[in-house]
Amino acid sequence: MRDGSGVIQCVAVKSALPEELFESLKNLTQESSLIVRGKLRAEPRAHGGFELDVESAEIVQRVSEDDPYPITPKDHGVDFLMDHRHLWLRSRRQNAVIHVRHEIIKAIRDYFDSNGYVLVDTPIFTPAACEGTSTLFEVDYFEDEKVFLTQSGQLYGEATAMAFGKTYNFGPVFRAEKSKTRRHLTEFWMVEPELAFADLEDIKRVGEELVLFVIGRVLEKRREELKILERDTSKLEAVKAPFHRISYDDAVAKLQAKGSEIQWGMDLGNTDETLITDDLDRPVMIDRYPSSVKAFYFQPAPDRPEVAMGVDFIATEGYGEIIGGGQRIHDYDLLLRRIQEHNLPPEAFNWYLDLRKYGSVPHGGFGMGVERFVAWMCGLEHIRETIAFPRMLYRTTP
RNA sequence: UCCUCAGUAGCUCAAUGGUAGAGCAUUCGGCUGUUAACCGAAGGGUUGUAGGUUCGAGUCCUACCUGAGGAGCCA
């Protein structure tokens, strides 16, 4: 029997039960629902060390053998399992993944809540692109108006940081890119802290602290689930401070030495991300990317205006970028120039520019993708198992 | 959007261009401190769709549909 928190073997003894009840229990089908009462007994032969001797039972709903439970203990294909995601969630592995996800989200919130951050959630309907790069989902919004599903709460986060000092937002974001890989969803959850009076080094420190805090919590509270998932926890235990810190320049040199085709000025590809961490046991922070591959709002380096004060955290074991962020431009004139250079409509950014007119301060933040983090913690092959009902390029059901 | 691969029983997969099979699941019988039980039997098929080549197509060709992996882009 399974109740969501665990599994226990129940034993019905023929001589101890009414014949009718024993027969109905004997003929039960997989995934039928029932209420059982009985005596708990230590039993070394049983999983978990305990068994329940059935004294009474009530069958709530019996699954018909004409239409048996579709998911069997044997192998199933991905397509079949995804079509039955609403049932697949009952399995031991999926149950463990979702429990780890729950723990990660709770740990993220605990970290920020206990470090002086205020949760200020940002809108999901937004008037325009946050970064001017990604493809957005368009939504009809009354009377011929169009709005878009947010791809990031960051710009609003900058406003809340100016109002509250340290804030974070935590919600779903949407990307309409036709990405078809094991790392992409069209709808996923992202946590985005934003800090006033912060520079790139502060952002790196907070990101490192957060990652370590969350890993520590998962290892502390979810050993059982990681065991079910057959996760090699030594890989997670090896993740300690300090993370590797290298510049984009050094990353390119290292990648070229390892045979990558990358040239200075190009963004890192998926294979580059895997390549750069394959000999490391803790994440690497890569900072000071060329401004041309980063969003318009990144602060340029004081000594080298062609590079941006942004940082990406690349997880170990090929799980790729889990954090992206950095220091934002706080100067009005520079920000306006960047908006124009990126051919963005300045009038759409009036409120954002206001933040640089009224008491602007150096500030920064980052975004962390929850599902990628869950995949990393659980050691999953594919991000689709990290959320109860994944939304992907070609899947919006169940 | 592009590249590669796949689509056969409820599920997972076999089948040199020559009679479509197995395991699991289901049903029946047997056996059993089992825990992916085991033994025996039965039912279960328009081989993704539409064309084409051929004496003959699950197999070869074309188009389309569906799915998977990857690229680009990103978290």
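Only the coordinates and a few stated rules stand behind these numbers; no lab work does. Everything numeric here is computed off the predicted structure, so don't read it as measured data. With ideal geometry, Cβ positions are generated from the backbone for all residues, glycine too; neighbour counts draw on all protein chains shown.
Some observations on this one:
- Centre separation in Å (Cα based) which lies between the stretch A:132-211 and the stretch A:282-340: 15
- Theoretical ellipticity at 222 nm over chain A - DSSP helices of four or more residues, -39500 (n - 2.57) apiece, nearest 500: -9000 deg cm²/dmol
- Residue ranges A:61-73, A:181-193, A:263-275 sort as A:181-193, A:263-275, A:61-73 when ordered by packing (mean number of other C-beta atoms within 10 Å per residue, highest first).
- Selection of chymotrypsin sites (Phe, Trp or Tyr not before Pro), the stretch A:297-398, meeting DSSP coil and at most 11 other Cβ within 10 Å: A:358, A:394
- Inter-probe distance in nm under a simple model that places probes 7 Å from Cα toward Cβ, at residue A:143 and residue A:201: 5.2
- Shape call, the stretch A:1-69: gyration tensor on alpha carbons, a/c limit 1.5: oblate
- For the stretch A:222-254 and the stretch A:372-388, distance of Cα centres in Å: 15
- Near residue A:90, once Lys and Arg are set to +1 and Asp and Glu to -1 for all other residues with Cβ below 12 Å from its Cβ, the sum equals +2.
- Take the Cα of residue A:278, go 7 Å toward its beta carbon, and the backbone nitrogen atoms of the stretch A:242-267 under 13 Å from that spot belong to A:255-261.
- Proximal lysines relative to residue A:146, as straight alpha-carbon distance under 23 Å, when same-chain residues fewer than 8 apart are discounted: A:178
- The stretch A:1-62: GluC sites (Glu not before Pro) falling in loop per DSSP and having at most 15 other Cβ within 10 Å: A:31
- Space enclosed by the convex hull of the alpha-carbon atoms of the stretch A:92-386, per residue, Å³: 137
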